[in-house]
Amino acid sequence: MSRPGGISTLADHKRRRIDELIARTAEPGGVSLIRDAGRRLLRNPTAIVGAVIILLFLIIAIFAPLVAPHDPVQRFPELTRDLTVDSIPGATAGHPLGSDPLGRDFASRMIYGARQTLFVGVLATLIGLLLGVLFGALAGAFGGWVDALVMRLTDVMLALPSLLLAITLVALASRSTQWTVIIAVAVVNVPIFARLLRGSMLAQRESDHVLAARALGVKRRDIVLRHMLPNSLTAVIVQATLTFAVAILDAAALSFLGLGDPDINRAEWGLMLGVDGVRYFEVRPELAYYPALAIIVVALGFTLLGESIREALDPKNRR
Amino acid sequence: MVRIISRRLIQLVVTLLALMTLVFFWLRSLPGGPVDALLGERATPQTRELLTRALGYDQPIWVQYGRFLKNVVTGNFGNSIRTGEPVTDVISRAFPATVELALAAIIIAIGLGVPLGYLAARHRGRLLDNATIIVTLIGISIPIFFLGYLLKDWLTQGVHVFPPSGRISTGLDNTDVTGFFVLDGLLTRELDASADALWHLVLPALTLATIPLAIIIRITRASVLDVLDEDYIRTADAKGLRSPTIRKRHVLRNALLPVVTIIGLQTGALLAGAVLTEKVYNWGGLGTLITDSISGGRDYPVLQALILLAAAVFVVVNLVVDLSYAVIDPRVRVR
C-alpha cells in the first residue's frame, strides 16, 4: 500500500487501482450505491455499446451451429482444388469468406470461433478469479502469517510482466495443450484477484455490519461466507470483465509465439490469427483481418463495459 | 532516503530469490525432469544416465539447489543447449538490440502520449478528446503482433518506405562498438550506418509503443483533469496569473507525477511486447532469443536466465522510477 511518504513501491499503481476499486464498492449501504450505479450505467452510451457487443458475441457463440453455414472442421473438395501455398480461395458461392489453408469454410470457422474464444476467455478468467478469490479470502479472513505468505507470493508473481509469466508457464510445461494456455493465462490473474479480495475483506473487517454480526455471535465461517464475501463481489465482477479482454489477447499472443493449442481442428480467433493469419498474411491477409477484427471488437466491448461499471461505482460521480 | 533504498534493494533480492527457487523446483517437477527435457523421449537409458550424472542430477535435491544458487550468484548460468555457448554470452549479445528498441518505443510513447493526453484533457468532451479516447481504447484492444504485420504490410510492401525486418541493412559495413547500432554509427562517424539503423527502428518501435502510448495518454488525461479541478488552480486563476504560467507551473508539474510512475510500470509491457514485436520484425534481441529458446526444443538454461533478467530489469526500473519521484516531487523529500 502506498506509504504516507508518497514514495510508491513496486506495482504500487496496480495496487492503488485495486484499492480504489475496493473503496468504491465496499462502502456500507451498498444496495443504494449499486442501484445508483445501475441507473448511471443505463444512461451511459459507452456502457450500452459495450453491453450490446458482449450480447451479440454471446448470441453468436451460443447459437453457432444454427448461424454457421457449414461444419467448421469439414474440408471442401471444391475449396481444396484451387488451394496452393500461394493462393487461398476467396469468397465463392456458399462460402462467403472463402477458404482457410486447409480448405475449410472460413465463415463457419469465424462463427464457431466465437464459441472457442468465449470458452478460453471465460475459463481463464474464472480459474484466475476462483484461485485469486480463494487466496485473497484466506489472507483477508485469517490475517497474520497466512496473509503475509499470500501477499509475498503475489509480489513475486507481479514481479514478472503478465504475458512473460504466461509465456514462462507454458514454456516450462513439457508440451502445450489448450489447457496449458488457459491455465497460464488464468494464473497470471490470480495475484490481482487475490489482492483485490484481501483488501476488500480487510476494509470490511472493522465495518459496522461485520461488528454487528460478530456481536450477535455469528460463527467466523458464516461471517466470511455470508457477510464479507458477497460485499466484495462487485469489485471482483468489474475486474473479471476487464480480465476477459486481456485473457483473449494473451491467448492470441501465445498462439503467435507457437505456444498455443496444437489442435488443428480448433477454431479459436487467437489461434486463427496467431498461426494461419500470420503465416499466410502476404497470400491472403483476410485470414488475419477477420479474427483480428473480431478480437478487437470483443476485447473493446468488455473493456468498455468494465470501465463503465468502474466509473459508475465511483462515489465522485454520485449525484 | 538511504533507508528506503536499502529496504527496496533487500526486497529486490528476496523477490528474485523466490522467483529462482520457483523456477528451479518447477523444472525439476516436470515429468522426467530436465534430462528428459534435454534429450527428448527417444533417448536410450544409457545416454540418459550419463547426462544425469554429468549434470549432477543424481545428487540430493538440496545439493543441486545450493549449487544452482551459487552459480546464479556468480553469474554462471551454464551453456545454451542449442548453441553450446555460455548463456551470459548469448544474452549479452542480444541485450543491446532490445534496449535500443525499448528506448525508442518509450521515447515515442512519452513524446506523443503526454502532449496528446494533455490536449485531450484541455479539450474535454470535444472532438479531439473523443477521438483520442477511441484511439487509445483500440490501442489496448489490438493484438500488437497483428498491428506489426499491418504496418509492415502497408509501409514495406507496396510503398517501400521502411525496411521490413532486421536492425540494419545487410552489406552495410558497420563497426560494432557498443551493440547499440544507432549509437555506434555516431561514435565511429559512420553516419550512414546510424541513419540506416534508425530507419530500421521506426516500425518496430511504433509497434512496441502502442500499448504504453495508449496508457500514457489515458493517465495523462485523467491526471490533468484531476489537477484542473484542484483549488490551487482556481486560486492561481483568481489571483490573475497568466494562463501559460498556470499551465506550466501548476497543471503540468502536478499532473505529471502519476505519469512518471506509469512509465516505470510500462517497462513490463515493453519487455512482454518485445517478445512479440521482435518476432514480427526478426529483430534479434532478447525477445527473439526467448522465442528461439522455446521453439527449437526448450533451451532451459537460457530461458531460466532470461526470466530472472526480465524480473530484475522490471524491479530495478521501478526502483529507479520511485527514487526519481523524490527528485521531481519535493513533498516526498521533506518527510
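For this structure, a couple of remarks:
- Close amide H partners of B:Asn79, meaning residues 5 or more places away or on another chain with modelled amide H under 5 Å apart, are B:Val87.
- Sorted fewest first by neighbouring Cβ atoms within 10 angstrom, A:Asp36, B:Asp237 come out as B:Asp237, A:Asp36.
- All distinct Cα pairs of the range B:131-269 go into the 1/r average, and the inverse of that average, the Kirkwood radius, is 18.3 Å.
- For residues of B:279-286, the mean tally of beta carbons on other chains within 10 Å: 1
- Taking N as its residue count, the alpha carbon Rg of chain A over 2.2 N^0.38 Å: 1.15
- Three-way shape label, the range B:106-203, alpha-carbon gyration tensor, a/c 1.5: prolate
- Between helix A:229-256 and chain A: long-axis angle, C-alpha atoms, 0 to 90°, nearest 10: 30 degrees
- Each of A:Arg221, B:Arg124 has some number of other Cβ atoms within 10 Å of its Cβ, and from fewest to most they run A:Arg221, B:Arg124.
- Helix A:30-43 vs. chain A, principal-axis angle (Cα, 0 to 90°, nearest 10): 40 degrees
- Derived scalar couplings ³J(HN,Hα) [the range B:123-133; Karplus, 6.51 cos²θ - 1.76 cosθ + 1.60; whole Hz; x for Gly, Pro]: 10, 3, x, 9, 3, 4, 4, 4, 4, 4, 4
- Gap separating the Cα centres of the range A:175-241 and the range A:51-103, nearest whole Å: 41 Å
- Average beta carbon contacts from partner chains per residue of A:162-170, 10 Å cutoff: 6
- Convex hull volume per residue in cubic angstrom - Cα atoms of the range B:276-335: 93 Å³
- Backbone geometry of the range B:21-26 corresponds, through the Karplus equation with coefficients 6.51, -1.76 and 1.60 at θ = phi - 60°, to 3J(HN,Hα) couplings of 4, 4, 4, 4, 6, 4 Hz, x marking Gly and Pro.
- For the range B:43-107, the Stokes-Einstein estimate of translational diffusion at 20 °C and a viscosity of 1.002 mPa s comes to 147 µm²/s, using the Kirkwood hydrodynamic radius over alpha-carbon pairs.
- Comparing mean-square fluctuations of B:Ala305, B:Ala43, B:Ala94 from a GNM of chain B with C-alpha springs under 10 Å, the top value falls on B:Ala43.
- Relative exposure of A:Glu311, A:Glu206, A:Glu20, judged by other C-beta atoms within 10 Å (fewest first): A:Glu206, A:Glu20, A:Glu311
- Relative contact order for chain B, counting Cα pairs under 8 Å that sit 6 or more residues apart, in percent: 24 percent
- Its Cα gyration tensor gives the protein assembly as shown an equivalent ellipsoid. The semi-axes, each the square root of 5 times an eigenvalue, are 38, 32, 31 Å from largest down.
- Whole-Å distance, taken between Cα centres, linking the range B:52-83 and the range B:177-233: 39 Å
- Degrees, to the nearest 10: B:61-73 long Cα axis against longest axis of chain B: 50 degrees
- In the range A:114-244, the alpha-carbon atoms span a convex hull of 113 Å³ per residue.
- Candidates B:Arg249, B:Arg82, B:Arg93, ranked by Gaussian network fluctuation over chain B, Cα under 10 Å, top entry: B:Arg249
- In straight-distance terms, cross-link reach from B:Lys239 covers every one of the aspartates and glutamates whose alpha-carbon lies under 16 Å from its own, apart from those fewer than eight places away in the same chain; here that gives B:Glu230, B:Asp231.
- Where Rh is the Kirkwood radius over Cα pairs, Rg/Rh for chain B: 1.05
- Trypsin sites (Lys or Arg not before Pro) lying in DSSP loop within the range A:114-212, provided at most 16 other Cβ fall within 10 Å: A:Arg175
- The peptide list A:267-277, B:223-233, put in order of mean Cβ contacts within 10 Å with the highest first, becomes A:267-277, B:223-233.
- Using θ = phi - 60° in the Karplus curve 6.51 cos²θ - 1.76 cosθ + 1.60, the 3J(HN,Hα) couplings for the range A:144-156 round to x, 6, 4, 4, 4, 4, 4, 5, 5, 5, 5, 4, 4 Hz; x is entered for Gly and Pro.
Bear in mind these aren't lab numbers, they're just calculated from the coordinates by the rules spelled out. Everything numeric here is computed off the predicted structure, so don't read it as measured data. FYI the Cβ positions are ideal-geometry reconstructions off the backbone, even for glycines, and counts take in every protein chain you see.
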